[in-house]
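All remarks here apply to the structure that follows.
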Amino acid sequence: MSADVLARIQFALTAGFHYIFPPMSIGMGVLLVYMEGMYLKTKDPLYHKMTRFWVLVFALTFAVGVATGIPMEFQFGTNWARYSRYVGDIFGSALAAEGVFAFFLESGFLAILVFGWNKVSPKVHFFSTCMVSLGSMFSAIWIIVANSWQQTPAGFRLEQGPHGEVARITDFWSMVFNPSTVDRLTHTVTGAWLTGAFFMASVSAYYLLKRQHIEFAQRSLKIALTWSAAICLLQIFLGHSSTQHLAVNQPEKFAAIEGHYDSSQPVNLTLVGVYDDSTNKVNGITIPKLGSTLLDGNPEAKVKGLDAFPKEELPPVSPVFQSFRVMVFAGVAMLLISWTGAYFAFKGTLKDKPWLLKVIVWAVALPHIGNMLGWMVAELGRQPWSVYRLLRTDQSHSKVVDAGSILASLTMFTLMYIMLGFLFFYLLDKRIKAGPDAEDNSAPLAPEPLEAQKLRLFGANTESLSEEKP
C-alpha cells in the first residue's frame, strides 16, 4: 500500500474515532447549563442531583475527546507537511483561535465544574458550567471555520514561498465567514446537541427499564426528548439550506449526492437506490424532478451534473451517494423517536412502554451514525481536493515519509485507540451502573463547616462533629 493511501487511512481513523467524543460533550454541555440553571431558579434538589451525575459523564467524555484529538495535529506536520506549508497561515490562525478562545476557556473552568461543588458559591459554579459549555462551542466554531475554508476558500491570496506556493490571509473575516461556514457550523452544532440529548435519553431509558432511579430518569428523559424533538425539526431546515448552498458552492459534491449525471435534465430525488458507475444512472425508488423542485422551486430547473466536470476532478460517487441517504434516514428516525417519546413523556406514560424505552436505549447510535456519515459526505465529496480546486490530496502528503513509517504509526494509533475505547466504555459503564445515588448528590450547595475542614485536614473523624450539632 502506498504512503499516500496509508496516510489517508491513518487520518480517517484518528479523525473518525475522535469525532465520537466532541459532539457528546458539546451536546451534554448545553443540557448541563439548563439543569443547573433550573436548580438555581427552583431550588429543586432533583436538578442538583441530575447536574452532578451528568457532570461526571461529561468530564469523562471531554477527557477522552482531548486525548484522541492530539494525534491528529501531529499528523499535519508529519504525514501532511506539504499541506501544512500550503495552508499554515490560514489553518494555523483558526487552530490558534481555538486554543485561545476555546481550549483555555474549557480547561480553565473544568476543574471548578467537576470539583468545585461546595467550594465555590452556586452562582460561581453555574458560571463555570456556562463557560465550559461556551468553550466547547467555540472549539467547534474554529475547527469548522478551518475545515470550511478547505471546502470553499475565501479571503486569501497565493504567494510563492521558499518551499513552493502558499496561501496567505488577505481578509480575516472573509476567511472566517467563507461561503460554507455558517451552513456547516449550524448543521454540525445541532448534530452535536442531538448527540448529547440522545445519550442522556438512552441512559435514562435504561434506568426506567431496570426500574432504578425512577424520578431522576423520568425528569432527565423528559428534558432530553423535548430538546431533541425541537432540534430534529430545526435540523431538517438547516440540512435543506446546507444542500441548497452546496449546489452553488460545490456542484460536483451535490451531483454526487444525488447521483445526477446529465446536466441537461432536472434533478430527481432518490429515496433508496444504487448509483451504477458503468451507466451513470441510479437504480432505485426515485421521484422525478423533486430534487429540482426542492432546490429551485421549479421542477424543470436544470442543474449541473457530473458530466459537466473532468473525470479526474470527480469525487467517488457511490460512497457519497449512500452516505448521504443513510445520514438522512438516521435524522428521520431520530425525529420519529424523539417526537413519539416526548408525546408519551408529557402524558406520563413513557415508563409503561418498554418497547419504546428499548428503542430509545439503542437509538444512542443514531446521532453518531448521522455525524460520521455527514462527515464522510463532506470529506469524500471534496475529493480529489484537500483544498477545493487549489491543492489536490495526492499532492498534499509528505514525500519524505515512507510507507513503512506510516504503517508503524498507524498500527500504534490503532492499538492506542482500541485501549482508549475499552477504557472509556469500562468507566462509562461503571459510572452508569453506580447511578446518581452513588454519592450524596442531594446535599445542598453550601461550603463545608470550617471545623470539619480543620479536622479532615488532620485526619480526624468529622462524623462526630456533625452528630454533636443540634
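The values are calculated or read from the model by the stated rules, or taken from the named source; none is laboratory data. Predicted, not measured: the structure shown is a model, and the values here were computed from it. Here the Cβ is made from the backbone with ideal geometry for all residues, glycine too, and neighbour counts use every protein chain on show. The area values use the complete protein model at the heavy-atom level, side chains included, leaving out ligands, DNA and RNA. Shrake-Rupley method; radii C 1.70, N 1.55, O 1.52, S 1.80 Å.
Here the 3J(HN,Hα) profile of the range 59-71, calculated from phi with Karplus coefficients 6.51, -1.76 and 1.60 at θ = phi - 60°, is 4, 5, 5, 4, 4, 5, x, 5, 4, 7, x, 4, x Hz, Gly and Pro shown as x.
Above 18 angstrom, tally the Cα pairs of the range 245-295 and express them as a % of all pairs, no decimals. Across the range 245-295, Cα pairs with separations above 18 Å total 23 percent. For the range 348-406, pairs of C-alpha atoms spaced more than 19 angstrom apart make up 62 percent of the total. Decide, for the range 271-412, between rounded, prolate and oblate: order the square roots of the alpha carbon gyration tensor eigenvalues as a ≥ b ≥ c, take rounded if a/c falls under 1.5, and otherwise choose prolate if a/b is larger than b/c, else oblate. Oblate is the answer for the range 271-412, as a/c is 1.5 or above yet b/c matches or exceeds a/b. The local environment of ALA345, defined by Cβ-Cβ distances under 12 Å, has a net charge of +4 under the rule Lys, Arg +1 and Asp, Glu -1. Taking only protein heavy atoms and a 1.4 Å probe, the accessible area of the range 170-317 is 60% carbon and sulfur.
Taking each of LYS43/LYS210; LYS49/LYS358; LYS347/LYS433; LYS43/LYS430; LYS49/LYS430; LYS41/LYS347 in turn, the alpha-carbon distance tops 20 angstrom for LYS43/LYS210; LYS49/LYS358; LYS347/LYS433; LYS43/LYS430; LYS41/LYS347. The magnitude of the dipole of the range 88-183, with charges of +1 and -1 set on the Cβ of Lys/Arg and Asp/Glu and taken from the Cα centre, is near 420 debye. Histogrammed with a bin width of 5 Å, the alpha carbon distances of the range 120-229 distribute as 2, 11, 13, 12, 14, 12, 11, 8, 6, 5, 4, 2, 1, 0 percent, first bin at zero.
The distance from the alpha carbon centre of the range 1-50 to that of the range 259-318 is 35 Å, rounded to a whole number.
Given axes a ≥ b ≥ c from the Cα gyration tensor, I'd like to know whether the range 1-102 is rounded (a/c under 1.5), prolate (a/b larger than b/c) or oblate. It is prolate, given that a/c is not under 1.5 and a/b is the larger ratio. In this structure the amide hydrogen of VAL267, modeled in the peptide plane, comes within under 5 Å of the amide hydrogens of SER292, VAL303, none closer than 5 places in sequence on its chain. Considering only Cα atoms, the convex hull volume of the range 92-135 works out to 48 Å³ per residue. Could you work out the local net charge near VAL320, counting Lys and Arg as +1, Asp and Glu as -1, over the other residues with Cβ closer than 13 Å to its Cβ? Around VAL320, the surrounding residues sum to -1. When you restrict to C-alpha pairs under 8 Å that are six or more residues apart and normalise by the size of the range 256-317, the relative contact order lands at 39 percent. For the chain, the Cβ-based charge dipole about the Cα centre amounts to some 860 debye (Lys, Arg positive; Asp, Glu negative; other atoms uncharged). Remark: the range 126-138, residue by residue, has Karplus-estimated 3J(HN,Hα) of 5, 4, 5, 4, 4, 5, 5, 5, 5, x, 5, 5, 4 Hz, where x stands for each Gly or Pro and the curve is 6.51 cos²θ - 1.76 cosθ + 1.60 at θ = phi - 60°. Remark: accessible surface ordering of LYS222, LYS358, LYS119, LYS49 (largest first) is LYS119, LYS358, LYS222, LYS49, probe radius 1.4 Å. Across GLU159, GLU312, the residue with the most accessible area heads the list, and the full order at a 1.4 Å probe is GLU312, GLU159.
At a 1.4 Å probe, what is the % contribution of carbon and sulfur to the accessible area of the range 1-59? In the range 1-59, the share of accessible area belonging to carbon and sulfur is 69 percent. Farthest towards the positive end of the charge dipole of the range 120-244, among the residues MET137, LEU208, CYS232, is the Cα of LEU208, using unit charges on the Cβ of Lys, Arg, Asp and Glu. Compactness ratio for the range 61-125: Cα radius of gyration over 2.2 N^0.38 Å (N = residue count) comes to 1.53. Each other residue within a Cβ distance under 9 Å of SER263 adds +1 if Lys or Arg and -1 if Asp or Glu, for a net charge of 0. Counting only the backbone N, which residues of the range 146-166 are under 18 Å from the spot 7 Å out from the Cα of ARG389 toward its beta-carbon? Within reach of a label on ARG389, which here means backbone N under 18 Å from a point 7 Å along Cα→Cβ, the range 146-166 contributes 148-159.
Rg ratio for the range 238-339: its Cα radius of gyration over 2.2 N^0.38 Å, N being its residue count, equals 1.05. Summarised as an ellipsoid, the range 32-154 has semi-axes of 35, 14, 11 Å, derived from the eigenvalues of the Cα gyration tensor scaled by 5 and square-rooted, with the largest first. This model, with +1 at the C-beta of Lys and Arg and -1 at the C-beta of Asp and Glu, gives the range 1-154 a dipole about its Cα centre of some 400 debye. Listed by chain and number, the lysines whose alpha-carbon sits under 26 Å from that of LYS289, ignoring those within fewer than 8 places in the same chain, are LYS253, LYS281, LYS302, LYS304, LYS311. Residue separation of SER2 and LYS302 scaled by 0.36 nm, minus their Cα-Cα distance, works out to 103.9 nm of gained length. Viscosity 1.567 mPa s, temperature 4 °C: give me the Stokes-Einstein translational D for the range 218-279 in µm²/s, with Rh taken as the Kirkwood radius over C-alpha pairs. In µm²/s, the coefficient rounds to 90. I'd like to know which of SER93, THR186, GLN160 lies farthest towards the positive end of the charge dipole of the range 52-188, counting +1 on Cβ of Lys and Arg and -1 on Cβ of Asp and Glu. The residue sitting most towards the positive pole is THR186.
Calculated on C-alpha atoms, the gyration radius of the range 148-303 divided by its Kirkwood radius gives an Rg/Rh of 1.13.
In the full protein context, the chain carries 47 Å² of accessible surface per residue, based on a 1.4 Å probe and ignoring ligands, DNA and RNA.
Taken over the chain, the ratio of Cα radius of gyration to 2.2 N^0.38 Å equals 1.09.
For LEU290 and LEU336, the FRET efficiency from 1/(1 + (r/R0)^6), where r spans their Cβ atoms and R0 equals 30 Å, is about 0.90.
Helices in the chain, meaning DSSP H runs of at least 4 residues, each add -39500 (n - 2.57). Divided by all residues, the mean residue ellipticity at 222 nm is -23000 deg cm²/dmol.
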